[in-house]
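A.B. asks: Structure in structure tokens, see below.
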Amino acid sequence: MAVSIKLVDVTQKSSRESKALTDIMIPAINAYFNNKPEISGRITFYTNNLFMLSPTKEVDILMVGEFDNFNYLSEELGTVRIERFCTVIEAKSHDIKDITFEGQTVKVRYSGDHDALDQLKKEIDLMASTLNKAGCGAYLSALLWLHGVKKEEIATKKPLASNIIAKDLCFEDMVNIILKQSKVPNNGYLNCSKRNIHFYE
């Protein structure tokens, strides 16, 4: 048994998001599952997802996971059986000097300050609407990935936002945030699909 990881770049061209996934996130996820041969499943990353008819035109990364026999020990929830998750990831490559943490906001500098968490919220709304129209609605989780910044750099700024992951991430960082955001029932499983739809079919 094994967990396979696939990257689908919707635009079929290299991008910063695809490179960051290939260089940083996918190796971190592989490192986690290499030590857990009892788990089978798959994770697919869809990057540069374009929605030309919407004011929010792009979702940086959509991460979809589906598993068998994935029992995860969470400090807050105990053992959770993870079946499926569907996560929108907003990726920013900025250095720490170009990021400002103000309360629940995370602002990154382009020509002016840009609220990355507000952008992520709009992407969540767009993806939720798109999935609902397709008849496969899902409970979505959301991560803000600052892949130009290390954990210790973020910690010195004491951000209030709780869905930030860093350059030196591990898969547990991602799963813990996903579980906090998700609807995990008392009998302890995570299945993001509202209508029991397999996203891969």
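A.B. asks: Modelled label-to-label distance, residue 104 and residue 30, 7 Å Cα→beta-carbon offset: nm?
C.D. replies: 3.8 nm
A.B. asks: Quick one: length gained pulling residue 75 to residue 170 fully straight, 0.36 nm per residue minus the C-alpha distance? It would help to have the intermediate numbers written out before the result.
C.D. replies: Values: separation 95, 0.36 × 95 = 34.20 nm, distance 1.58 nm.
Value of the extension gain: 32.6 nm.
A.B. asks: Just checking my list [x] 163; [y] 131; [z] 298 against volume of the Cα convex hull per residue in Å³ computed from this structure; which label fits?
C.D. replies: The value matching this structure is [y].
A.B. asks: Using the Cα centre as the reference, give the magnitude of the dipole from point charges on the C-beta atoms of the chain (Lys, Arg: +1; Asp, Glu: -1; all else neutral), rounded to the nearest 20 debye.
C.D. replies: Values: 25 positive and 26 negative charges, 55 e Å.
For the chain, the charge dipole is close to 260 debye.
A.B. asks: Quick one: compute the contact order of the range 84-200, relative version, from alpha carbon pairs under 8 angstrom and 6+ residues apart, as a percent.
C.D. replies: Averaging sequence separation for qualifying contacts and normalising by length gives 32 percent for the range 84-200.
A.B. asks: How large is the accessible surface per residue of the chain, computed with a 1.4 Å probe and reported in Å² as a whole number?
C.D. replies: On the way: 10460 Å² over 201 residues.
On a per-residue basis, the chain sits at 52 Å².
A.B. asks: For residue 46 and residue 180 in the same chain, what is the full-extension length gain: residue separation times 0.36 nm, less their Cα-Cα distance, in nm? Could you put the intermediate results ahead of the total?
C.D. replies: Values: separation 134, 0.36 × 134 = 48.24 nm, distance 2.29 nm.
Working it through step by step, the gained length comes to 46.0 nm.
A.B. asks: Another question about this same structure. Run the helix sum for the chain: -39,500 (n - 2.57) per DSSP H stretch of 4+ residues, divided by residue count, reported at 222 nm to the nearest 500 deg cm²/dmol. Let's see the in-between values first.
C.D. replies: Working: 5 runs with 50 residues, N = 201.
Theoretical 222 nm ellipticity from helices: -7500 deg cm²/dmol.
A.B. asks: So for the chain, averaging the separation of alpha carbon pairs under 8 Å that are six or more residues apart and normalising by length, what relative contact order in percent results?
C.D. replies: Values: 381 pairs, mean separation 39.4, N = 201.
RCO, the chain: 20 percent.
A.B. asks: I would also like to ask the following. Among DSSP beta bridges lying fully in the chain, give the percent that are antiparallel, nearest 5.
C.D. replies: On the way: 28 of 47 bridges.
Bridges in the chain that DSSP calls antiparallel: roughly 60 percent.
A.B. asks: A further question on this structure: Could you calculate the FRET efficiency of residue 121 with residue 158 from 1/(1 + (r/R0)^6), where r is the beta carbon distance between them and R0 is 25 Å, rounded to 0.05?
C.D. replies: Working: r = 22 Å, r/R0 = 0.87.
E between residue 121 and residue 158, to the nearest 0.05, is 0.70.
A.B. asks: Under 19 Å Cα-Cα from residue 19, which lysines qualify once same-chain neighbours fewer than 8 residues away are excluded?
C.D. replies: Partners within reach: 6, 92, 150, 167.
A.B. asks: Another question about this same structure. Computing the accessible area with a 1.4 Å probe over protein heavy atoms, can you report the carbon and sulfur percentage for the range 120-165? Provide the component values of the computation, followed by the final result.
C.D. replies: Working: 1200 of 2230 Å².
After summing per-atom areas, the C and S share lands at 54 percent.
A.B. asks: Can you compute the charge dipole magnitude of the range 67-181 about its Cα centre, using +1 on each Lys and Arg Cβ and -1 on each Asp and Glu Cβ, nothing else charged? Give it in debye, rounded to the nearest 20. Write down the numbers at each step before the final one.
C.D. replies: On the way: 15 positive and 18 negative charges, 33 e Å.
So the dipole magnitude of the range 67-181 works out to roughly 160 debye.
The values are calculated or read from the model by the stated rules, or taken from the named source; none is laboratory data. The model shown is predicted, which means the values in this text are computed figures rather than measured ones. Glycine gets a Cβ as well: all are built from the backbone with ideal geometry, and neighbour counts include every protein chain shown. The protein model used for the area step is the full one, side chains on, heavy atoms only, and it has no ligands, DNA or RNA in it. Shrake-Rupley method; radii C 1.70, N 1.55, O 1.52, S 1.80 Å.
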